[in-house]
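Encoded as structure tokens, the structure appears first; notes follow it.
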Amino acid sequence: MAEQAITGWRKWAEDIGEQCVFFARFFRNIFTGSFEWSEFVRQCYEIGYRSMMLVGITSFIMGLVLVVQLRPSIVALGAESMLPKTLTVSFIREIGPVITAIICAGKIASSIGAELGSMKVTEQIDAMEVSGANPLQYLVVTRILATSLMVPLLAVIGDVIGLFGGFLALNITDNISLPLYFHKCIASLDFSDFLPAVVKTIFFGFAIGFVGCYKGYHSNKGTESVGIAANSAVVTASLWIFVIDAIAVQITSLLFYK
Amino acid sequence: MKATNGNISPKKPASTQKDEVVIHAKGIKVGFVDNEVLKNITFDLKRGENMVVLGKSGSGKSVTIQCIVGLLKPDAGDLTVFGQNVAEMNDDELKQLRMKIGFLFQSGALYDSMTVRENLEFPLTRVLKLNDQQEIDKRVEEVLDGVGLLDAIDKLPSDLSGGMRKRVGLARTLIVKPEIMLYDEPTTGLDPITSREISELILNMQKKYKTSSIIITHDMECARITADRIVVMDDGEYIAEGSYKELQKSDNKMVRSFFNETT
Ligand SMILES: Nc1ncnc2c1ncn2[C@@H]1O[C@H](COP(=O)(O)OP(=O)(O)O)[C@@H](O)[C@H]1O
Ligand SMILES: [Mg+2]
């Protein structure tokens, strides 16, 4: 028992060490050699465009559901006109970024993990390395930067669509016009609501790309390891998203919400 | 250490010398967590020579050639390629070395998100850093023609058969004109006719590009066609060495088991 626990901890510590090394190598490779623009653009397309539908639908439903759920308590408080503001602040600050990131963890981290994992298993990464090319530059740097850029973008798009979903729900009962609704939403927004949320999603995106790449790149050489890589990429990335969220909320409340 | 070995020629006038040793391995040991895979591997590969390595599955043949390109580090022993110690190289030196070595993986290892053309362009643009598209096209077509697959140029690897994939893999390594070729089971999993074609292709490439090669196989037909010299590996060591004809007469049990299969 005790021995098992010790080897377990050692594995964990080794894993952390390896992740640090991987991070350092990633960082070094951003600035050395030539940047793979075409692969980066392709990844942005794959990651951003292909996830837009999913993020859009989920955010729309979340906005809609949130209004329906919030309404009774807000009406009971007699603060019905506060509904757009409540929705906007909670959506922009928290729900939009987290929903988008979780969706992306499920879709993007797993697909990066599986893709790189299968490239590892079929020796494509080794082949790239022994040919003298730099697989880190081509595969990892492009993907991590693409997720760091696209997840924030997706989150902003998700925010807008989510607010629109909220409008539909509100419109059923309250008969508010779209311009007025969005006017209320935007008026209730502060710089300090928007900026930390966007910065946070950059980190979410980074975590998604990094975890996906790390798990795929370091998967073992068996067929089943592709599945393991994809699966643990999703689990780890989702966990990281919440950890980052918890840290971010502390920092923003110190800096902005006095 | 190196001084004791008279075989290593001085580095400079290298390329002209017939007996020049390009890979020198002495007492290579490699172990993983709970098993020692290579115990004592010693060999010299000469320029222009085809050396075939025979050995059963899991005996560490792939591990040996992975050490040569620096994918794995030996735990002990001396491994020099072109007179330079592989284990002591930094990233840049390793890259320079890898540009001179072609490695054909067991699976072909084609990049499966790229077409055949893009696969072949990859080492040209990423490693040799060519950017003259005409020159690139010319080299791609030339090498693809050499392996007889010019009409597959715009196909994806998933649309190719196993034999075709191996050939494209071969073309991709040859396109940078390596001085040393390492073939990992080039004919495994192919039908006899395709196997023979690949074997002959290997022989042609040796003649055409004057490469030195290590060919890992357990296909005796392939060994017979391609080998200048054969070594037999068992339990982490080379136990026999000689030409095909010489080994045929060997009375070592392990060696016999390879040669009997085919006769
Ligand atoms: N990266 C590795 N990590 C752990 N064990 C390995 C690794 N590569 C190879 N091995 C082990 O080394 C042994 C020899 O493998 P290999 O060289 O691939 O055999 P083969 O002679 O069939 O090519 C096998 O038992 C394999 O499990
Ligand atoms: Mg092998």
Please report, in debye to the nearest 20, how large the charge dipole of the protein assembly as shown is about its Cα centre when each Lys and Arg carries +1 at its beta carbon and each Asp and Glu carries -1 there.
540
Region B:144-263 - Rg and Dmax from Cα coordinates, angstrom
15.6, 50
Pairs of Cα atoms under 8 Å, at least six residues apart: use those to get the relative contact order of region B:105-177, whole percent.
50
Just for the protein assembly as shown, what percent of DSSP beta bridges are antiparallel, to the closest 5?
50
So B:Asn252 and B:Asp34, fully extended at 0.36 nm per residue minus their Cα-Cα distance, gain in nm 75.6 nm
Take the alpha-carbon positions of region A:62-175, form their convex hull, and give its projected area averaged over all directions (one quarter of the hull surface) in nm².
8.2
Given springs between every Cα pair under 10 Å in a Gaussian network model of chain A, which of A:Phe91, A:Phe242, A:Phe206 has the largest fluctuation?
A:Phe242
Choice from B:Gly102, B:Gly148, B:Gly163 with maximal GNM fluctuation in chain B (Cα, 10 Å cutoff)
B:Gly148
When we measure straight from the Cα of A:Lys85, which lysines land under 23 angstrom away, once same-chain ones fewer than 8 places off are left out?
A:Lys184, A:Lys200, A:Lys258
Sites B:Asp92 and A:Ser253 - FRET efficiency at Förster radius 51 Å, r taken between beta-carbons, to 0.05:
0.60
Just rank A:Cys20, A:Cys104, fewest to most, by other beta-carbon atoms within 10 angstrom.
A:Cys20, A:Cys104
I need the fraction of alpha carbon pairs in region A:86-140 separated by more than 15 Å, rounded to a whole percent.
62
Would you kindly give the portion of the calculated P(r) for chain A that falls above 27 Å, as a percent of all Cα pairs?
45
For B:Glu49, B:Glu88, B:Glu142, what ranking results if the residue with the fewest other Cβ atoms within 10 Å of its Cβ goes first?
B:Glu88, B:Glu142, B:Glu49
May I ask you to sort B:Lys73, B:Lys155 by Cβ crowding, counting other Cβ atoms within 10 Å and putting the fewest first?
B:Lys73, B:Lys155
Mind checking the log10 I(q)/I(0) for region B:176-219 at q = 0.16, 0.20, 0.28 Å⁻¹? Debye, one equal scatterer per Cα, no solvent, two decimals.
-0.41, -0.62, -1.03
Computed Kirkwood radius, in angstrom, where 1/r is averaged over Cα pairs of region B:23-133
15.9
Over 22 Å apart: what share of the alpha carbon pairs of region A:127-228 falls there, rounded to a whole percent?
54
Chain B, relative contact order in percent, only Cα pairs under 8 angstrom and at least six apart counted:
24
What is the mean projected area of the alpha carbon convex hull for the protein assembly as shown, to one decimal in square nanometres?
32.5
Only bridges with both residues in region B:168-263 count here: give the DSSP antiparallel percent, nearest 5.
50
Normalise the Debye intensity by I(0) for chain B, one equal point scatterer per Cα, no solvent, then take log10 at q = 0.13 Å⁻¹ and round to two decimals.
-0.87
What is the set of long-range amide H partners of B:Asn50 at a cut-off below 5 Å, with H atoms built 1.01 Å from backbone N?
B:Ser213, B:Asp228, B:Arg229
Using a ≥ b ≥ c from the Cα gyration tensor of region A:1-59 (square roots of the eigenvalues), is it rounded, prolate or oblate, where a/c under 1.5 gives rounded and otherwise the larger of a/b and b/c decides, a/b for prolate?
oblate
Just for the Cα atoms in region B:51-91, what are the lengths along the principal axes, largest first, rounded to whole Å?
33, 20, 18
At a Cα cut-off below 24 Å, give the lysines reachable from B:Lys39, other chains included and same-chain residues fewer than 8 away excluded.
A:Lys221, B:Lys2, B:Lys26, B:Lys29, B:Lys56, B:Lys61, B:Lys73, B:Lys253
Size descriptor, Kirkwood hydrodynamic radius, that averages inverse alpha-carbon separations across region B:85-213, Å:
15.0
Tell me, what is the percent relative contact order of chain A, built from C-alpha pairs under 8 Å that lie six or more residues apart?
32
Those lysines that a straight Cα-Cα span of less than 22 Å connects to B:Lys207, excepting residues fewer than 8 apart in one chain:
B:Lys18, B:Lys46, B:Lys100, B:Lys138, B:Lys166, B:Lys177, B:Lys245
Which helices, counted as full DSSP H runs in chain A, have an axial Cα extent of no less than 18 Å and a Kyte-Doolittle average of 1.6 or above?
none
Treat each spin label as a single point 7 Å out from the Cα along the C-beta direction, and report the A:Met52 to A:Ser192 distance in nm.
3.4
Debye intensity ratio in log₁₀ form over the Cα atoms of region B:105-177, taken at each q of 0.16, 0.17, 0.18, 0.20 Å⁻¹
-0.46, -0.53, -0.59, -0.74
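All of the numbers you see were taken from the coordinates with simple rules; none came from a lab. Note that this is a predicted model, so its numbers are computed, not measured. Cβ coordinates were reconstructed from backbone atoms using ideal geometry, including for glycine residues, and neighbour counts include every protein chain displayed.
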